[in-house]
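So the structure is just underneath, and the comments pick up after that.
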Amino acid sequence: MGTLDNRLYEWFGYSSFKHNQREIIESVLSGEDVFLMTATGSGKSLCYQLPALLKQGTAIIVSPLLALMENQVQELKQLGIKNVASYNSFLSLKEKKSVLNRLPEYKLIYISPESLQQKDVLDKLSRLNVSLLAVDEAHCISQWGHEFRTDYLKIGEARNKMGSPPCLALTATAAPEVRKDILDKLNMKDPVIKCDTVDRTNISIRTIKKETEEEKRIELIDCVRKLPKPGMVYVGSRKKAEELAEAIKNEMPFAASAYHGGMTKEDRHLIQQQFLLDEVQIICCTNAFGMGINKPNIRFVIHFDYPKDIESYVQEMGRAGRDGQRSTSILLYTEIDHVFPRKMIEWEFPTEEEVQYICEVLRTDDSHDVTRKRVESYGFEDVHARFISHYWEEWRNKEDARSQEEFINMVIKRRKGWKFNKLIQMEEWISNNNKCRRETLLETFGETLQSPAKQCCDVCGITEPLEDVDEAGDAGFPMMSWQDRLYALLQQQTHKG
Ligand SMILES: [Zn+2]
């Protein structure tokens, strides 16, 4: 056995590598930049954890998910790997200080993109021997970075300040143009690119067209009733998540819950746990639910509202059937569904008038200190304030000849264009009833269909009914008469006694 195998066994307790882990790890160890696209649950984290332990210096792992960071740190500590830490907003001031003062002692540090941008943090990291920069959920750079979490766009800059250590970008789904965006934003040079297929052959794909929202609701209830559970229903708004969870609870004996970003952290955590333990069988959620959740036995994902791009669709429907068992993805839509996602895209950005107003105010004021907080103080919501302060800074760094509002409006136009194109691509996929849906999905990711799935899609024809007779029959008593039921209950009592 080679050294890698020995270490794998000694540190992680595995006797062999999965899939292409060894290749990736060897590339990372030799100092190459690596882009890895592979399904959740396929052992991505080992691809940076093992090299981090083998290399001299400290590996920095950038992750958007605070809970996931904490989990990984705990897991490593349980394996006996103690010199790991996380640095994020969960920590107290004292804890943060302690981590920063002990940086060279750690082999791995997990950090959020926001914390990475703090000046004191970056100063310390720039003096550290950084062995590797790993960016987890790297599609966030492209999906959220430009608008919601602009600190994602600055990871490349931070990388330069750290002396350009080798970079490993990891994601489960990224179409070619998103891949390009990631490589570009992280300043990756001639990277090794490894992409697994995004095809999930155990998930059948259906789209169902309805005339009205009400018909869509009836169809949803019918599908939820018939399909094996647990399952998820994705909706476009918080309000609808609540309404549909109520409707399901009222009409069926299944525990259903809503989940969205407007709920308290505690409530969300509770519902997530209940869902993971099968105590809640149906979850009606916005896209706030999902990333980092690895529940293997989800039997269906229904889209009551369609997502704004195909990547989100693939990510969301891909939460079904991680155990490899037969699963279903259903997308419900009506002719008028195109209105809402367009509005959503518009809301993501400040209007031209707002940009005009804030630029004028900031120019007359001290224009060298345009922080998010300051923009917020003029009545802008968090996301817009973040956006404006980020691009104001970019305008200044680029010494752009245009005015600030021209520059910011140009960015808005470009980003809206990108988003509308993605939305149209999604809608074309939904309305195209002539070509295998799986095939067109794969084409979006630059792949070709290798072998058709047994139960492929509504265009190819799905022969199996929605109901799974074996699984639907295990509900317990409903087929018994009251006499039988009473008898069974008495039997139970006797056995207990
Ligand atoms: Zn098909």
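Quick look at the numbers
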read-out	value
Residues whose placed amide H lies under 5 Å from that of Ile208, excluding near-sequence neighbours	Leu331, Leu332, Tyr333
Computed E for Thr3/Lys194 - FRET, C-beta separation, R0 22 angstrom, nearest 0.05	0.50
Two-site label geometry, Leu276 and Phe420: point separation in nm, points 7 Å out along Cα→Cβ	4.2 nm
Shape call, segment 275-331: gyration tensor on alpha carbons, a/c limit 1.5	prolate
Inter-label distance, nm, simple model (7 Å from Cα along the C-beta direction), Leu93/Glu427	5.1 nm
Full-extension gain in nm, Glu406 to Glu353, via 0.36 nm per residue minus C-alpha separation	17.9 nm
Qualifying trypsin sites (Lys or Arg not before Pro) for segment 119-149 [loop in DSSP, other Cβ within 10 Å: at most 13]	Arg127
Relative packing of peptides 67-73, 335-341 - highest average C-beta neighbours within 10 Å first	67-73, 335-341
For segment 420-467 and segment 121-198, distance of Cα centres in Å	30 Å
Over 21 Å (Cα to Cα) - which of Lys119/Lys413; Lys119/Lys373; Lys343/Lys413 fall in this group	Lys119/Lys413
Members of Lys124/Lys154; Lys161/Lys189; Lys189/Lys422; Lys18/Lys189; Lys229/Lys295; Lys82/Lys161 lying beyond 21 Å, as alpha-carbon distances in this model show	Lys189/Lys422; Lys18/Lys189; Lys82/Lys161
Segment 386-472: GluC sites (Glu not before Pro) in DSSP loop, at most 14 other beta carbons within 10 Å	Glu399, Glu467
Long-range amide H partners of Ile302 with built H, under 5 Å	Met232, Val233, Tyr234, Ile330
Residue-wise HN-Hα coupling along segment 344-351, computed from phi with Karplus coefficients 6.51, -1.76, 1.60 (Hz; x: Gly, Pro)	4, 5, 4, 5, 5, 10, x, 6
Built amide H within the under 5 Å cut-off of Cys457, gap 5+	Ile205
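All of the numbers you see were taken from the coordinates with simple rules; none came from a lab. Small disclaimer: the values here were computed from a predicted structure and weren't measured. When we count neighbours, we look across all protein chains shown, and the Cβ atoms used for this are built from the backbone with ideal geometry, even at glycine.
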